[in-house]
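The values are calculated or read from the model by the stated rules, or taken from the named source; none is laboratory data. Since the model is a prediction, treat every value here as computed from it, not as a measurement. We place every Cβ from the backbone using ideal geometry, glycine too, and count neighbours over all the protein chains shown.
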Amino acid sequence: MYVIAGVSGNTGSVVAHALLEQGQKVRVLVRDVSKGDAWKARGAEVAVGSIDDEVALAKAFEGALGAYLLLPPDPGASDFIAQRLASANTMARAVSASRLPHFVFLSSIGGQHSAGTGIIESSHNAERVLGATSAKATFVRAAYFLENWGMVLGAAAQAKLPTFLPPDPPIPMVATKDIGLLAAKSLLAPPAGNSQIFELSGPRDYTSRDIGAVLASLYGRPVEVDAAPVEAVVPAFTSFGISPNVAALYRGLYAGIAKGVVAFDGRGHQVRGTTDAEAVLRGLGAGKR
């Protein structure tokens, strides 16, 4: 039995689907029982709870061989790092109380750093806290999500590609599908030792101009990269309703990418996914008329 959190999102749903397709027993963790109905129809067990509910988590973990864990985003958080550290501590206590033997945690590129990475600091903290439990730990340090480009497809359709990423250096990027597939595979193969780290990126790295070229091909017209300075991050993000605290952390993320701090350190297992940018962007609706 494997417990899967985040089944309403992109990665958790892939993990659960992949395991069910292989005939594995799955228990999905949902906040609302109605969100588990479709999974129950597929043969999964349903546990109701959240990553902030230690009792419900420990109960969900009971009897499981492993669990897929992650820290969901909270764009309205007033103190994102502190709140996510509290969530990580709750998960760690539940892991210990249930004697869960193994977990796979979705971390991030740059997760080895305690500072200088903005919002990724929460992943570093979670690795530290969860890694101190007695369970075997698998950390998937995933590259920049290709799906993030979906937020600017409307502008791309009008020939502009706004971004806070630098336009020219290649950056590791990955599809959430590939994250879920690696996590499912890792759940079935715990590390021989206490822990393991996977540094996961897509089949190739991309510059912002590469993404623009892919979109130009899909839309059948030129798409110009419109790179904004990191100083514009906070005003832009707060205008979308994101809290000033979270917006500032995203500014730190983009600054860390530009400085080369948000990068793999090469000490984990290097893994390349198979889903390219064109497949992701097409799936998000790019090029459809």
- Considering (1) under 15 Å from the mean Cα position of the chain (by Cα); (2) among the β-branched types (Val, Ile, Thr); (3) assigned to a helix (DSSP H, G or I), say which one VAL129 fails and leave the rest. (1)
- Taking GLY241, is it at positive phi and not in a helix (DSSP H, G or I)? yes
- Message: Name the residue that is modelled with the lowest pLDDT, counting only residues in segment 74-92 that are within 22 Å of VAL104 (Cα to Cα) and charged (D, E, K, R).
- Response: ASP74
- Task: Kindly indicate the residue of segment 140-157 that is modelled with pLDDT of 95 or more and surrounded by 21 or more Cβ atoms within 10 Å (Cβ to Cβ) and also nearest to GLY111 (Cα to Cα) among those meeting that condition.
- Result: ARG141
- Item | Hits in segment 158-192 (condition: touching a helix residue (DSSP H, G or I) at 6+ places or on another chain (Cβ under 8 Å), surrounded by 19 or more Cβ atoms within 10 Å (Cβ to Cβ) and assigned to a loop (DSSP other than H, G, I, E, B)) | PHE164, LEU165, ALA175
- Residue hits (segment 1-52; of a type in the set (Val, Ile, Thr), over 21 Å from LYS185 (Cβ atoms) and not in a strand (DSSP E or B)) are VAL33, ILE51
- Item | Failed item, numbered, when THR133 is tested on (1) touching a residue at least 60 places away in the same chain (Cβ under 8 Å); (2) touching a Leu at 6+ places or on another chain (Cβ under 9 Å) | (1)
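Table: residues versus (1) without any contact (Cβ under 8 Å) to a residue 40 or more places away in the chain; (2) surrounded by fewer than 19 Cβ atoms within 10 Å (Cβ to Cβ).
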{"site": "ARG42", "(1), (2)": "yes, yes"}
{"site": "GLU45", "(1), (2)": "no, yes"}
{"site": "LEU70", "(1), (2)": "no, no"}
{"site": "PRO75", "(1), (2)": "no, yes"}
- Query: Could you say which residue among ALA126, ALA143, ALA86, ALA115 is without any contact (Cβ under 8 Å) to a residue 12 or more places away in the chain and closer than 28 Å to ALA255 by Cβ?
  - Reply: ALA115
- Message: I'm trying to understand the selection: among the residues of segment 191-206, which are within 20 Å of the chain's Cα centre (by Cα) and either over 21 Å from TYR144 (Cα atoms) or hydroxyl-bearing (Ser, Thr, Tyr) (or both)?
- Response: SER195, SER201, TYR206
- Conditions: (1) aliphatic (A, V, I, L, M); (2) without any contact (Cβ under 8 Å) to a residue 24 or more places away in the chain; (3) farther than 22 Å from VAL14 by Cα; (4) not in a loop (DSSP other than H, G, I, E, B). MET151 meets all but one. Number of the miss? (3)
- Item | Options ALA115, ALA137, ALA86; residue that is farther than 30 Å from GLY285 by Cβ, surrounded by fewer than 21 Cβ atoms within 10 Å (Cβ to Cβ), in contact with a helix residue (DSSP H, G or I) (Cβ under 9 Å, 6 or more places away or on another chain) and not polar (S, T, N, Q) | ALA115
- Hey, among the residues in segment 233-254 that are more than 30 Å from ALA279 (Cβ to Cβ) and among the aliphatic types (A, V, I, L, M), which one's farthest from the chain's Cα centre (by Cα)? VAL234
- Query: Taking the condition in contact (Cβ under 8 Å) with a residue 12 or more places away in the chain, buried (at least 16 other Cβ atoms within 10 Å of the Cβ), assigned to a helix (DSSP H, G or I) and not acidic (Asp, Glu), does LEU57 pass?
  - Reply: yes
